[in-house]
Amino acid sequence: MATRSPAKPASAKRHPLATWTGPERRYDLIAEGTAAVIIVAVLCIIAAILWGSPNGGLTYPKGPASHAGQAFSARYWDTNDPSDLAQTAVAELLGATTTAGYGPPFNTTTGASQEIIGIQPAEIARSIFGLTLPINTANDFVLAPVSQLVASSNPLVAAAVRLYKAAGGDLAPGAPAGNVASARQATWLNNYAKALAKPSAVFTPTSVRVPPGNYGPVPVIINAELLIAHNGSLDGYFQGSDQQLSTNTTSGTMFFSDGSLWEDIATAQGVAGDQWGVMNELWNFPGQVWLWLYAGMYQIPALNPANNSNLDLDVGLLMILFGFLLPMFAPWIPGINRIPRWIPLYKIIYRKYYQSAAGGPPPAEKPSEPAEPPTPQ
């Protein structure tokens with residue numbers, strides 16, 4: 001009686017080795033990975049030797065000497081430019097700095113939020129989450145550290161702080177810039193700021209001397225600020241935390257960036273925002289090249305980086321567009337999905353396959369697996 005093999009069920013899977021007819025080659029994953037790691041490590045070492053960024057600390061042309069690895073601090077600021085530190089502290093008390101008028105997430109300054117077509121994402125976030133990082137520049141950068149570090153042991157400074165606070169002003173976290181100083185305080189601060197800008201003002205790392213005037217208790221408070229900056233305790237105050245180890249340097253960084261010396265050093269070292277600084281190392285040494293797209297947005301003349309009050313929001317939206325949406329939907333965008341055909345790099349990568357497909361020697365075929373023996377019915 002004749003026998004026949006039963007038909008295989010429709011759901012049976014094909015054996016990949018028995019059905020593949022394309023080219024084959026031996027591939028050792030361990031060897032390939034090891035070779036890649038070694039080659040990349042050697043190239044990184046050579047690149048670091050040839051083009052490595054110098055660890056120049058805060059060294060810059062015509063600037064003071066700085067040891068390798070030195071970081072910007074209140075003590076460095078006070079030692080090298082006490083005038084800038086004093087004037088910045090006065091501006092913080094007045095609510096006239098960039099931080100004071102930034103808006104959410106630092107404060108509730110009216111009209112400070114960046115917007116696009118009338119939509120203010122920062123205000124929407126504030127209405128949902130509140131101020132996530134409330135800062136009052138007068139209290140957080142000047143009055144609070146002076147009160148904690150100096151007033152407790154110096155009756156004159158304690159009396160000056162009490163007199164200043166009694167004159168009004170909103171010291172609540174996140175207060176609007178216009179409410180930080182009262183009218184009386186603003187009179188003292190503006191008079192003192194004008195005196196500091198005059199050539200007759202004399203600055204040392206621990207004191208300021210100006211001609212007599214209607215300054216109220218402001219000179220005593222500013223001298224105390226210089227004192228704690230000079231002895232390093234102001235840096236310790238900014239780095240203080242309830243945790244044993246703190247890496248949050250936001251307060252100090254915001255205070256430093258409100259001054260001029262911080263930006264002057266960045267510009268002199270070639271790492272300012274309009275110098276591709278976020279992806280630069282000192283001067284023109286290459287740095288974080290993977291940040292080219294983000295840094296490049298700030299160099300686009302059409303965005304008017306110097307005077308665009310919505311620049312950060314514009315850059316953020318462009319990053320979403322070009323860094324996320326465009327790569328995700330590129331296969332379906334007409335024109336973009338034709339770029340691989342216009343620039344056929346894939347033909348270089350898979351050149352052996354295209355050589356064989358064009359009529360070259362056929363790849364050696366692997367013997368197929370023996371057929372299954374018929375099953376008698």
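The values are calculated or read from the model by the stated rules, or taken from the named source; none is laboratory data. Note that this is a predicted model, so its numbers are computed, not measured. Here the Cβ is made from the backbone with ideal geometry for all residues, glycine too, and neighbour counts use every protein chain on show. Surface areas here come from the heavy atoms of the whole protein model, side chains and all, with no ligands, DNA or RNA. Shrake-Rupley method; radii C 1.70, N 1.55, O 1.52, S 1.80 Å.
Things worth noting here:
- Matching residues in the range 230-279 - criterion: being crowded, with 18+ Cβ neighbours inside 10 Å, β-branched (Val, Ile, Thr) and without any contact (Cβ under 8 Å) to a residue 40 or more places away in the chain: Val271
Quick grid of which residues meet (1) at pLDDT 95 or above; (2) aromatic (Phe, Trp, Tyr); (3) not in a loop (DSSP other than H, G, I, E, B):
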{"site": "Ser153", "(1), (2), (3)": "no, no, no"}
{"site": "Ala158", "(1), (2), (3)": "yes, no, yes"}
{"site": "Gly174", "(1), (2), (3)": "no, no, no"}
{"site": "Leu189", "(1), (2), (3)": "yes, no, yes"}
{"site": "Tyr192", "(1), (2), (3)": "yes, yes, yes"}
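- Looking only at the range 88-100, residues that are open to solvent by 10 Å² or more (accessible area, probe 1.4 Å) and in contact with a Gly (Cβ under 8 Å, 6 or more places away or on another chain) come to 1 in all.
- Being on the phi > 0 side of the Ramachandran plot, surrounded by 15 or more Cβ atoms within 10 Å (Cβ to Cβ) and of a type outside the set (A, V, I, L, M, F, W, C) holds for only one residue in Gly118, Gly130, Gly103, and it is Gly103.
- Of the set (1) within 30 Å of Phe255 (Cβ to Cβ); (2) modelled with pLDDT under 80, all apply to Ala18 but (1).
- Yes/no for Gly57 being under 36 Å from the mean Cα position of the chain (by Cα) and within 30 Å of Phe256 (Cβ to Cβ): yes
- In the range 307-354, of all residues being touching a residue at least 24 places away in the same chain (Cβ under 8 Å) and more than 22 Å from Pro104 (Cβ to Cβ), the one that is nearest to the chain's Cα centre (by Cα) corresponds to Gly323.
- Of all residue pairs spaced 6 or more apart or on separate chains, none has beta-carbon atoms under 7 Å together with a first member in the range 24-35 that is on the phi > 0 side of the Ramachandran plot and a second member that is open to solvent by 70 Å² or more (accessible area, probe 1.4 Å).
- Annotation: of all residues in the range 304-318 being part of a helix (DSSP H, G or I) and hydrophobic (A, V, I, L, M, F, W, C), the one that is most open to solvent (accessible area, probe 1.4 Å) is Leu317.
Residue-wise test of (1) in a helix (DSSP H, G or I); (2) over 21 Å from Thr204 (Cα atoms); (3) at pLDDT 90 or above.
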{"residue": "Ser53", "(1), (2), (3)": "no, yes, no"}
{"residue": "Thr59", "(1), (2), (3)": "no, yes, no"}
{"residue": "Ala68", "(1), (2), (3)": "no, yes, no"}
{"residue": "Phe72", "(1), (2), (3)": "no, no, yes"}
{"residue": "Trp77", "(1), (2), (3)": "yes, no, yes"}
{"residue": "Thr88", "(1), (2), (3)": "yes, no, yes"}
{"residue": "Tyr102", "(1), (2), (3)": "no, yes, yes"}
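- Every pair of residues 6+ apart whose Cβ atoms lie under 6 Å, when the first sits in the range 96-125 and is in contact (Cβ under 8 Å) with a residue 40 or more places away in the chain while the second is among the charged types (D, E, K, R) and part of a loop (DSSP other than H, G, I, E, B): Thr97/Asp258; Thr98/Asp258; Thr99/Asp258
Let's see how each residue does on (1) on the phi > 0 side of the Ramachandran plot; (2) open to solvent by less than 60 Å² (accessible area, probe 1.4 Å); (3) assigned to a helix (DSSP H, G or I):
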site: Gly296; (1), (2), (3): no, yes, yes
site: Ala302; (1), (2), (3): no, no, yes
site: Ile320; (1), (2), (3): no, no, yes
site: Phe329; (1), (2), (3): no, no, yes
site: Pro334; (1), (2), (3): no, no, no
site: Tyr346; (1), (2), (3): no, no, yes
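- When Val208 is tested against (1) hydrophobic (A, V, I, L, M, F, W, C); (2) in contact with a Phe, Trp or Tyr (Cβ under 8 Å, 6 or more places away or on another chain); (3) not in a helix (DSSP H, G or I), just one condition goes unmet, and that condition is (2).
- Residue count for the range 280-294, restricted to those that are within 20 Å of Tyr60 (Cβ to Cβ) and either open to solvent by 60 Å² or more (accessible area, probe 1.4 Å) or touching a Pro at 6+ places or on another chain (Cβ under 7 Å) (or both): 6.
- Residue in the range 158-166 that is aromatic (Phe, Trp, Tyr), surrounded by 16 or more Cβ atoms within 10 Å (Cβ to Cβ) and within 18 Å of Ser83 (Cα to Cα) present: no
- Close pairs (8 angstrom Cβ cut-off, 6 or more residues apart or separate chains): touching a residue at least 60 places away in the same chain (Cβ under 8 Å) and surrounded by 11 or more Cβ atoms within 10 Å (Cβ to Cβ) in the range 190-205, part of a loop (DSSP other than H, G, I, E, B) and of a type in the set (Val, Ile, Thr) anywhere: Tyr192/Val210; Leu196/Val210; Ala201/Val210
- Output for the range 216-229, where each listed residue is open to solvent by 50 Å² or more (accessible area, probe 1.4 Å) and not in a helix (DSSP H, G or I): none
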